[in-house]
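In what follows, a single structure is set out as structure tokens and then discussed.
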Amino acid sequence: MPYLNIVEVESALENLATAYPGLAQLIDLPETSVENRTIRALKIGAAAPFPKDAVVMLGGVHAREWGSCEILVHLAADLLEAHQNGTGLGYGGATYSAAEVSGLLQRLDLVLLPLVNPDGRLYSQTVQPMWRKNRNPAHGGGNPAPGCVGVDLNRNYDFLFDFTTAFSPAAHPQVSASPCDPMVYAGPHAFSEPETRNVRWLLDQYPRTGWLIDVHSYSQDMLYNWGDDDNQSDNPAMNFQNATFDHRRGVPNDLDYAEYIDKGDVDNEVLLAERFCQGVAGVRGIAYTPKTGFHLYPTSGTSDDYAYARHLVDPRKGRVLGFTVEWGTEFHPKWAEMEKIILDVDAGLVAFCLATA
């Protein structure tokens, strides 16, 4: 089976909602894509007599990372079928019992958005395979160059969006203010894009969300907060909202700045990231590495950091621990290998969800 195109991703979600009406529900997101395509999520979970926590999972943010959609579609199908039939799940050497699957869906709602960026995926699959951004032509100032179209959606969230102020001149964050940057143009302002506004809406719509996982490729890592600098849990005043530390962020291993994170939160993030990696390794022995986003490279405006920062900016919002999966070692593995990667990552995601108890 080849990679799914955008129509097939949509059909898969519709088919799952139809086949499992008591367990799965389609969610129409409030904004269409730039090219006016409807974007849908799928909520899966068993009915419960109590308010349930939620895990939000995103895929297909970067257009060229094709397998992320399949990972989330297959995860939904696996969990729904296993719960309905009263069976467990087996992913190579990683197995989960029927009781674990049932308990997971009784305790949690999984809100899956497999295709955040349908316009970009279509363009990547039909025109330019390595295309990364969305397809918004509005910000290029009339420049006809193909690279002057689009925004990197995973730099468009409201976290240290003004990176030229936030970061040290000695830092090299992977983000750009140039509309013609082919990879990491952040957009004119935070949430300028309908696709990122849809993700913000999901977090607002499900206020009991405790975890966000954004599925990307590649590097075989499980990333957790923060992405702008090293972590520290000793000085709460040294944080992204404090303008005193502007122009000082983003340099590794220096004494000038490190981003504050609550010790209990980072301990939980490390535990969950390790459980994910253990789940992946159980399938066929592939080793993923748990580490902060910053230790991949410094960034701002990412989904995982925005998700966690929300409760710090507005204490009325719930605490959401943020994660990014970086699967595989290339963007378009041959399908025979991608099928194995799907098993790896889905086993890791099930292990992660079980560990949230």
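Among the residues of the stretch 183-190, is there at least one that is surrounded by fewer than 19 Cβ atoms within 10 Å (Cβ to Cβ), at pLDDT 95 or above and closer than 14 Å to residue 306 by Cβ?
For the stretch 183-190, residues surrounded by fewer than 19 Cβ atoms within 10 Å (Cβ to Cβ), at pLDDT 95 or above and closer than 14 Å to residue 306 by Cβ: present.
Only one of 12, 82 is over 19 Å from the mean Cα position of the chain (by Cα), surrounded by 18 or more Cβ atoms within 10 Å (Cβ to Cβ) and without any contact (Cβ under 8 Å) to a residue 24 or more places away in the chain. Can you tell me which?
Among 12, 82, only 82 is over 19 Å from the mean Cα position of the chain (by Cα), surrounded by 18 or more Cβ atoms within 10 Å (Cβ to Cβ) and without any contact (Cβ under 8 Å) to a residue 24 or more places away in the chain.
Does the stretch 47-62 hold any residues that are of a type outside the set (Gly, Ala, Ser), touching a residue at least 12 places away in the same chain (Cβ under 8 Å) and either more than 19 Å from residue 201 (Cβ to Cβ) or open to solvent by 10 Å² or more (accessible area, probe 1.4 Å) (or both), and which are they?
51, 52, 53, 62
Quick check: anything in the stretch 154-176 free of Cβ contacts under 8 Å to residues at least 60 places away in the same chain and in contact with a Phe, Trp or Tyr (Cβ under 9 Å, 6 or more places away or on another chain)?
So far as the stretch 154-176 goes, yes, one or more of its residues are free of Cβ contacts under 8 Å to residues at least 60 places away in the same chain and in contact with a Phe, Trp or Tyr (Cβ under 9 Å, 6 or more places away or on another chain).
Does any residue in the stretch 309-330 that is under 26 Å from residue 71 (Cα atoms) come within less than 7 Å, Cβ to Cβ, of a residue that is open to solvent by 70 Å² or more (accessible area, probe 1.4 Å) six or more places away or on a different chain, and which pairs are these?
Listed by first residue and then by second, the contacts come to 321/268; 326/218; 327/218; 328/218; 329/218; 330/218.
Among the candidates 297, 306, single out the residue that is of a type in the set (Phe, Trp, Tyr), crowded, with 24+ Cβ neighbours inside 10 Å and either in a loop (DSSP other than H, G, I, E, B) or under 18 Å from the mean Cα position of the chain (by Cα) (or both).
Answer to the selection: 306.
Tell me, please, whether a residue that is of a type in the set (Phe, Trp, Tyr), in a helix (DSSP H, G or I), open to solvent by 10 Å² or more (accessible area, probe 1.4 Å) and touching a residue at least 60 places away in the same chain (Cβ under 8 Å) can be found in the stretch 116-128. Step through it out loud before you land on a result.
As a first pass, look at the stretch 116-128 and keep what is of a type in the set (Phe, Trp, Tyr): 123.
Remaining after also requiring in a helix (DSSP H, G or I): 123.
Next, only the ones that are open to solvent by 10 Å² or more (accessible area, probe 1.4 Å) stay: 123.
Still in the list and also touching a residue at least 60 places away in the same chain (Cβ under 8 Å): 123.
Yes; the residues of the stretch 116-128 include at least one that is of a type in the set (Phe, Trp, Tyr), in a helix (DSSP H, G or I), open to solvent by 10 Å² or more (accessible area, probe 1.4 Å) and touching a residue at least 60 places away in the same chain (Cβ under 8 Å).
Each row is one residue, and each column tells you yes or no for (1) touching a His at 6+ places or on another chain (Cβ under 7 Å); (2) outside any helix (DSSP H, G or I).
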position: 319; (1), (2): yes, yes
position: 322; (1), (2): no, yes
position: 325; (1), (2): yes, yes
position: 330; (1), (2): no, yes
position: 333; (1), (2): no, yes
position: 337; (1), (2): no, no
position: 344; (1), (2): no, no
position: 349; (1), (2): no, no
position: 352; (1), (2): no, no
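Does the stretch 263-285 include one or more residues that are more than 24 Å from the chain's Cα centre (by Cα), open to solvent by 50 Å² or more (accessible area, probe 1.4 Å) and among the small types (Gly, Ala, Ser)?
no
Tally the residues that are under 17 Å from residue 286 (Cβ atoms), aliphatic (A, V, I, L, M) and buried (at least 21 other Cβ atoms within 10 Å of the Cβ), restricting the search to the stretch 309-337.
Summing the residues that are under 17 Å from residue 286 (Cβ atoms), aliphatic (A, V, I, L, M) and buried (at least 21 other Cβ atoms within 10 Å of the Cβ) in the stretch 309-337 gives 1.
Condition check: in contact with a helix residue (DSSP H, G or I) (Cβ under 7 Å, 6 or more places away or on another chain), crowded, with 19+ Cβ neighbours inside 10 Å and outside any loop (DSSP other than H, G, I, E, B). Does residue 4 satisfy that? Steps first, answer last, please.
Values: in contact with a helix residue (DSSP H, G or I) (Cβ under 7 Å, 6 or more places away or on another chain): yes; crowded, with 19+ Cβ neighbours inside 10 Å: yes; outside any loop (DSSP other than H, G, I, E, B): no.
Against the criterion (in contact with a helix residue (DSSP H, G or I) (Cβ under 7 Å, 6 or more places away or on another chain), crowded, with 19+ Cβ neighbours inside 10 Å and outside any loop (DSSP other than H, G, I, E, B)), residue 4 does not qualify.
Please list, ordered by first then second residue, the pairs with beta carbon atoms under 9 Å, 6 or more apart or interchain, first in the stretch 266-293 and in contact (Cβ under 8 Å) with a residue 24 or more places away in the chain and more than 13 Å from residue 221 (Cβ to Cβ), second surrounded by fewer than 19 Cβ atoms within 10 Å (Cβ to Cβ) and among the basic types (Lys, Arg).
283/340; 284/340
The values are calculated or read from the model by the stated rules, or taken from the named source; none is laboratory data. The model shown is predicted, which means the values in this text are computed figures rather than measured ones. Reconstructed Cβ throughout: ideal geometry from the backbone, glycine too, with neighbour counts over all protein chains shown. Note: areas computed on protein heavy atoms with side chains; ligands, DNA, RNA excluded. Shrake-Rupley method; radii C 1.70, N 1.55, O 1.52, S 1.80 Å.
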